[in-house]
Amino acid sequence: IKRSKAMKITFDTFELKTPSGEVKGKGTLTDLSNPRLRLNCTGKSRLEELITVAKVQEDIQGSGAISWTLDFEGPLGKEFQTTVNELKQMRWSGVVNLANTSLKFQDGIPQIEGFSAQIEMKLDKTVVKECEGKIGHVAFTGEVEVAKLKELLTNPNTPLNLTGAINIKDLDISKLPTEWQFTSSETDAASPPRQTTINLSSTIEKVVYNDFKATNVAGFINMENDVLNISNLKFNALDGQVSTNLSFR
C-alpha cells in the first residue's frame, strides 16, 4: 500500500488532541511514498509544543498560546522528509493568532516577550496585525506587512520588503549595541546580504541617549539599497521642537 501512487485517504472530518491542544478539520492525503496533502483545519496549541514537533529547539525556543485557521496544499516530501523544493510548491493561507508568547533566538536577536498578534497569511503577502510586545528593552505596538513570505523562506536572494506603522514606548540608544549582537564568524562571506526595503511610519514616545532625551518623536523611515532615510522627523528636545530630515549611508 505504501508504494501505491493510486493510494488516496480522505478525511471528511477529523479531530486530533495533543497534550497542549487540538486540531479539527478535513483533508486528503495521496501517494504515501511521495505524499501530497490537502488540508482545511482549525486548531490551538502551545508554541513550545509546535517547536518540539518541528524539531527546531536548537534554533529557537518559545512559549505561549497559538491558534490558527489554515488552508494548505502541497507535497510533504519523500518519506515525509520535506525539502526546500517541496516548500516552494506549497500553498497556504489563513490566520494565526499568538497570545502572550515568548521567543528566544540564536545569538544576535534579543528575546521577544509578551508578544501578541494576528497574522493574516495570503499567497502574495503576510500581514502582522494588532501586534504588541517587547524585544529587548523596547516595547512596541503596530502593524507590519511582509511581501512574498514563501520566497523569503526558500530563496536567500529574495528581497525583503517591509511596510507598515509602529509605535515604540521608550528607546534607549545606548542599550542597542549590547542587545543586538550578531556573530560575524557565522556569516557566509560568499553570500551577499539580502536586499532590504523598509517603509515604516513610526512614533516613539521617548528616546534617550546618555544625557540627551527627546519626546513625541515621529517620522517616516525608508531604507533601500543600504541607505536609511528618515523624513518629516519631528521631536521635542532641549526645551524646543526640532523638525528635520536625516540620511544614513
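FYI, it's all coordinate maths here, none of it is from the lab. Quick caveat: nothing in here was measured; it's all calculated off a predicted structure. Please note: Cβ atoms are built from the backbone with ideal geometry, for glycine as well, and neighbour counts cover all protein chains shown.
Below, the figures for the structure above:
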item	result
Across K24/K129; K44/K206; K122/K206, pairs whose alpha-carbon gap is larger than 32 Å	K44/K206; K122/K206
Percent RCO, i.e. relative contact order, over the range 16-56, from Cα pairs under 8 Å lying at least 6 residues apart	38
Low-density loop positions, GluC sites (Glu not before Pro), the range 52-120 - DSSP coil, at most 11 other Cβ in 10 Å	E58
Per-pair calculated FRET efficiency, R0 = 22 Å: V53 and T83 via Cβ, rounded to 0.05	0.75
Debye intensity ratio in log₁₀ form over the Cα atoms of the range 1-142, taken at each q of 0.15, 0.17, 0.20, 0.21 Å⁻¹	-0.91, -1.12, -1.38, -1.44
Value at 222 nm in deg cm²/dmol, rounded to 500, when DSSP H runs of n ≥ 4 in the chain each add -39,500 (n - 2.57)	-2000 deg cm²/dmol
Extension reserve of the T178-E22 stretch, reckoned as 0.36 nm per residue once the Cα distance is removed	52.2 nm
Where labels lie 7 Å past Cα in the beta-carbon direction, separation of H137 and K206 in nm	1.1
Simple label model, 7 Å out from Cα along Cβ direction - S33 to V242, nm	6.9
Candidate aspartates and glutamates for bridging to K169, where Cα separation is under 14 Å - those fewer than 8 sequence places away on the same chain excluded	E132, E205
Those residues of the range 120-156 whose amide nitrogen sits under 16 Å from the label point placed on V96, 7 Å along Cα→Cβ	120-132, 144-154
Distant alpha-carbon pairs in the chain (separation over 28 angstrom), percent	45
